[in-house]
Amino acid sequence: MKNIKGTLPKIQTRLYIDGKWMEGSLKPNVVLNPATGEELIAVEQGGAKETEQAIAAAKKSFPLWSGMELKERVKILHRIGDLIEENINRLALIMTLEQGKPLAESKVEIQTNIDNMHWNAEEARRVYGETIPAPNNYKYEVKKQPVGVVGAITPWNFPSNMIVRKIAPAIAAGCTVVLKPASSTPLSAIAIFELFKEAGLPDGVANLVMGPASKIGKTLTASEDVRKLTFTGSTAVGQELYKQSGDTLKKISLELGGHAPFIVFADAPIEETVESLVKMKFRNNGQACTSPNRIFVEKSIKESFTKALQEAVYQVTVGNGLDGVTVGPLINEEARKTIDEQIADAKEKGADVLLGGERLTKGDYQKGFFYQPTILDGVTNKMNIFYEETFGPVIPLITFKSEEQVIKMANDSHFGLASYLFTKDLRLAEKVSRALQYGMVGINNTGISQPEAPFGGVKYSGLGRENGHFGIEEFMEIKFVNTFYF
Ligand code: ADP
């Protein structure tokens, strides 16, 4: 008998434009459960036409929304946060069904949404300007104003929070939005938009268009009415969107790939460090741009660290995210193939598989995209996994002998998003954290994504920051007003 827990709650399947649920003109998209391979539901899809309608709705509602009494805007944002909280179980279930992550992790993600909504609601009151010392009879003022219509494109790995962490600051700033979610996880987006409507967010302030990525992307980037594009996804797509946005000179934020180094110095407490590593690595089954992807361990503790790590990874359970496991499936077959290829390449070039290394295909695992939690030892920069984003449950171990050597190896990446280092010597931590060419550094912890702190990367990991006051400012323009008194 089908587990009742596993049944998709009743949910809209249409696009949401100008406050109305609308049919799309293109073929519907079937959403799959990656743990069972089953079809969950089909959602409507639109293309350029619907995107243009959504942009027009966002443009029309912008003067009203940006001009609304601030207190009213803040109230609506808080109401959305409250509704997300009331619906946490429903939203988490929808996410686990379409994305695969364990239900407990889905709940944490929804909790982050709640924090994001309330935090940005409050921050809307604090978008302060400046006055600058000016010559006699002049007043120099700096004001911050919302940029206008925002285009947002989001990925499948955090299908709910990637949306909220963009839309919350955008609407808090007074902007209006057109969102395109990832095709494999549109339901989490729909579920959030249902709550926007219930909370009384005025028509046209947030619009949802599902459909072919490049068509919607091109329409958003080509539009002169869209003044800002915010994107999370792969570096290749980010580069394409950056180029496309050049013609209309949009403001742009790009949260792209990462390949986080996780550095363990000899004095780090092994048990706590292993615990942090395993928790962060297997979060979302390694499908995170902040996932520790290259684990550098100082030679003198390599053996004891590896032993403790093996024991910990051995405890990681894999299965349907509704069944209380540590990790769920990967998102699709393509993801599994990439991991296969990275492991095969590493093995061929001399890496040892200490644990896992294979797909899980038997019994309950047959229909989903499951993979064994894997540890690879003896990884070197000759292997693809040293440079390619991993996006799966693989821990590559690399040994280092000195601070200089590890800094050089850690920075040997196109990417520059998250980095982690573990040591009791905080002087060393300070020095190394300065040298790391990354947008974020976790010292003795991995909590780098916080509603109040800037999240983002350097190099090929992107442009701009999300979260905190930095995040809201990405949706504002600066205006200088120079007044002369006759
Ligand atoms: P990932 O699949 O690793 O999340 P992608 O960059 O492929 O990364 O996808 C992130 C988001 O970007 C998704 O919503 C996807 O549909 C969208 N996307 C993919 N290709 C394009 C494109 N050419 N133009 C605009 N959006 C795109």
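The values are calculated or read from the model by the stated rules, or taken from the named source; none is laboratory data. Everything quoted here is computed from the prediction, not taken from an experiment. Cβ coordinates were reconstructed from backbone atoms using ideal geometry, including for glycine residues, and neighbour counts include every protein chain displayed. What goes into the accessible areas is simple: the full protein's heavy atoms, side chains included, and nothing from ligands, DNA or RNA. Shrake-Rupley method; radii C 1.70, N 1.55, O 1.52, S 1.80 Å.
Measuring between their Cα centroids, segment 364-402 and segment 206-277 lie 23 Å from each other. The figure for TYR128 is an accessible area of roughly 140 square angstrom, using a 1.4 Å probe on the protein chains alone. Alpha-carbon geometry of segment 388-461: the Rg and the Dmax are 12.7, 36 Å, given in that order. Once the Cα atoms are used to define both axes, helix 270-281 deviates from the longest principal axis of the chain by about 50 degrees. If one computes P(r) from the Cα atoms of segment 276-421, what percent of pairs lie at distances over 23 Å? Counting every Cα pair in segment 276-421, those more than 23 Å apart make up 32 percent. Using a basic spin-label model with each label point 7 Å from the Cα along Cα→Cβ, how many nm lie between LYS424 and THR131? Between LYS424 and THR131, the simple spin-label model gives 5.4 nm. The C-alpha radius of gyration of the chain, expressed as a fraction of 2.2 N^0.38 Å, stands at 1.00.
The distance between label points at LYS75 and GLU477 comes to 3.0 nm (points 7 Å beyond Cα on the Cα→Cβ vector). Rounded to the nearest 500, what is the 222 nm mean residue ellipticity of the chain from helices alone, with -39500 (n - 2.57) per DSSP H run of 4+ residues and division by all residues? Result for the chain, helices only: -12000 deg cm²/dmol.
Accessible surface for segment 326-437, divided over its residues, is 47 Å² per residue with a 1.4 Å probe. What the Kirkwood sum gives for segment 196-258 is a hydrodynamic radius of 12.9 Å, with every pair of different alpha carbons counted.
Protein heavy-atom accessible surface, 1.4 Å probe, per residue over segment 166-224: 21 Å². Evaluated over segment 103-208, the count of Lys pairs having alpha-carbon atoms less than 29 Å apart is 10 (only pairs 8 or more residues apart or interchain).
Listed by chain and number, the lysines placed with their C-alpha closer than 25 angstrom to that of LYS337 are LYS101, LYS279, LYS281, LYS347, LYS349, LYS362, LYS367, LYS382; residues fewer than eight positions away on the same chain are left out.
Can you work out the FRET efficiency for the pair LYS27 and ALA222, with r the C-beta to C-beta distance and R0 = 25 Å, to the nearest 0.05? Step by step, r from the Cβ atoms, then E = 0.60.
Using R0 = 56 Å, the C-beta based FRET efficiency linking ALA104 and TYR138 works out to 0.45. Charging the Cβ of each Asp and Glu at -1 and of each Lys and Arg at +1, and nothing else, the dipole of segment 40-151 about its Cα centre rounds to 440 debye.
At the residue level, ASP364 shows approximately 150 square angstrom of accessible surface with a 1.4 angstrom probe and all protein chains present. Here the simple spin-label model places points 7 Å from the Cα toward Cβ, and for ASN381 and ASP345 these points are separated by 1.6 nm. With an a/c value of 1.5 or above and a/b larger than b/c for the gyration tensor axes a ≥ b ≥ c computed over the alpha-carbon atoms, segment 79-223 is described as prolate. The overall shape of segment 32-86, judged from the alpha-carbon gyration tensor, is oblate: a/c is not under 1.5, and a/b is no greater than b/c. Entry comment: accessible area of segment 105-158 is 47 Å² per residue, from protein heavy atoms only and a probe of 1.4 Å. The accessible surface of the chain, taken with every protein chain in place and a 1.4 Å probe, is 52 percent carbon and sulfur.
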